Amino acid sequence: MNPSGKTILIIDDDADFAEALAPALEAAGFRVLRARDGHQGLKLAKLEAPDLVLMDIIMSERTEGFFAIQEFRRTPSLAATPIFVLSSLYDAVADFRVAPEAAWLAHDAFFSKPVDLDKLIQTIRERLGLNAAVREGTG
Amino acid sequence: MQQREREQAAVDCQAGAEQAPAKIIVIDDDSAICLACRKILLKEGYQVQAYEDGLRGLEAITAWKPELVVVDLKMPGIGGMEVISRVHEFDPQIVIVVITGYATIDTAVQAMKCGAYDFLPKPFAPDPLRLIVRRGLEHRRLVIESRRHEMERELIKRRFVSFISHQLQSPLAAVHQYLDVLRHLEDSPETAAKRREWLERCVKRIAELEELIRDWLTLAKAEERVLVAQRCPVDLRPILEGILNSYEQMAAAEGIRLEARLPEQACLVWGNRHCLHVLFDNLIVNAIKYNRPGGRLSVSAQPLGDGQVAVAVSDTGVGIPEKYRRFLFEEFFRIPREEGEAKPGRGWVWRSAARSSPKWAAPSRWKARSAWGPPFTCACWPRRRWPRAAGRIWSRRHEPKREDDSHYR
């Protein structure tokens, strides 16, 4: 099912998080791909050319997501692919929070986990130039 | 975060620069003093520049960034006091030694108050100058070293907080996300199955979270040295027997054969009873959980004389991937789940183990048998050998003889 014609790649080592997120995105009309780490994600992205990437940061390596984002940016075919960071990184302690606008992160948006699904889907639709629409049921 | 990393890099860079001969600037309106100081300090192997007025000296300090400045207190134009305050505005770590022909207690106190490191009254012989410069540079080195340690401690603390935050939030985020989606899930036979499956996953993640919290509490106890304070003579034999008995059924269910080679006599060591129990319990239960079906688990204890006991836990399981072995003793390391693996890692045990009593031997066949679980061998020491030997990896020559290994294979 892919009424929007857009593909989203979730790169996250937490299988449960991706499992919970995927149906919500599918219900919103996206085709969803999943990868468990930055390396696998990059490989899959080169093959499938997703329209947008949802990237976790702390995976098997502490800063794997950061390096994966850099790799995406270095890869010509993926350099312009929007990347949204979804992370629980530092969120509980204000002093440790990664500034969402941090340019060095080379990402497009930052969402702290757990993610507000309506807001995430709306931002994805806006970023991909689709008409903003309220998320339909996930059933 | 970036700001701190930059600071750390600056301190590292500074430390690196300290390897080169120290740079010293001498400022004195008396050209004979300038010349003499320069000559004496050059002979000592320092890089030296000398200036006869405060303004030119300050310009050179900004451009050349010396480690130490020797400055005359009384000069026409910009005097020594002003040089001190302007230098410290520029870089508070530059050490300043004041020289003057008007040496009184008052001027010395005033110069020190302004931030001078020490005071040298004119006339002075070469030796006091050499000594004061050497002491000043050593002082600077210690200040930088101490700053670096402080920053390292700060970095570790920040990593610790962020790591705990992440470890605790990951399962919570997953559960939250499941529940959020479940709220929107319509009722149908297909979704009913999904609902059950996801609720089951939520319960598992919450149990995982509870286990994590217990682990952190144990680790906190270890870090606070509570466990050290609770050390006493402990007989390992009943601990190992008890643990093996408690996992008999679990091992049988997995088809794993348990082998115990425990000596007749007591295996007395000096340690924390609870933590030693947790340690061997974790080693043994992991050796069952991560074994292959129909595999084998061997536990042996071997008194080595001199009150030491060597304990080896060996299994025929998947082992620990090469890439993770160097992290085993890192404070907050947990081995990540591999593809298709259902059980979470429990890396914390190594750290608390190090605090509980034993010394660890490098598993002997990691390189040769990477696909197998190598024997984890540790030496538990008697009281009088503790804690001087703490933290050292047990040397290979103390490992059980090779023929003992054949028993495990």
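None of the figures in this text is laboratory data; all of them are computed from the coordinates on show. Computed from a predicted structure; not experimentally measured. Heads up, the Cβs are rebuilt from the backbone with ideal geometry, glycines too, and the neighbour counts pull from every protein chain shown.
Observations on the model:
- Coil-residue GluC sites (Glu not before Pro) of the stretch B:126-227, DSSP, other Cβ within 10 Å capped at 14: B:Glu186, B:Glu224
- Note on the stretch B:54-185: dipole from Cβ charges, positive end direction compared against B:Ser162, B:Met75, B:Val87; the farthest Cα belongs to B:Ser162.
- Sorted by Cβ density within 10 Å, fewest first, the residues B:Trp198, B:Trp270: B:Trp270, B:Trp198
- Taking amide H as placed 1.01 Å from N in the peptide plane, B:Ala22 has its amide H under 5 Å from the amide H of B:Gln47, each at least 5 places away in sequence or on another chain.
- Compared with the direct C-alpha span, the chain from B:Phe163 to B:Arg134 gains 6.2 nm at full extension, assuming 0.36 nm per residue.
- Gain on full stretching of the segment that runs from B:Trp216 to B:Leu42 - 0.36 nm per residue minus C-alpha separation: 57.0 nm
- Karplus (6.51, -1.76, 1.60) ³J(HN,Hα), θ = phi - 60°, over the stretch A:33-47, in Hz, Gly and Pro reported as x: 10, 10, 9, 8, 8, x, 5, 5, x, 5, 4, 5, 5, 5, 6
- Here the stretch B:127-241 is described by how far its Cα atoms reach on the three principal axes: 93, 46, 16 Å, from widest to narrowest.
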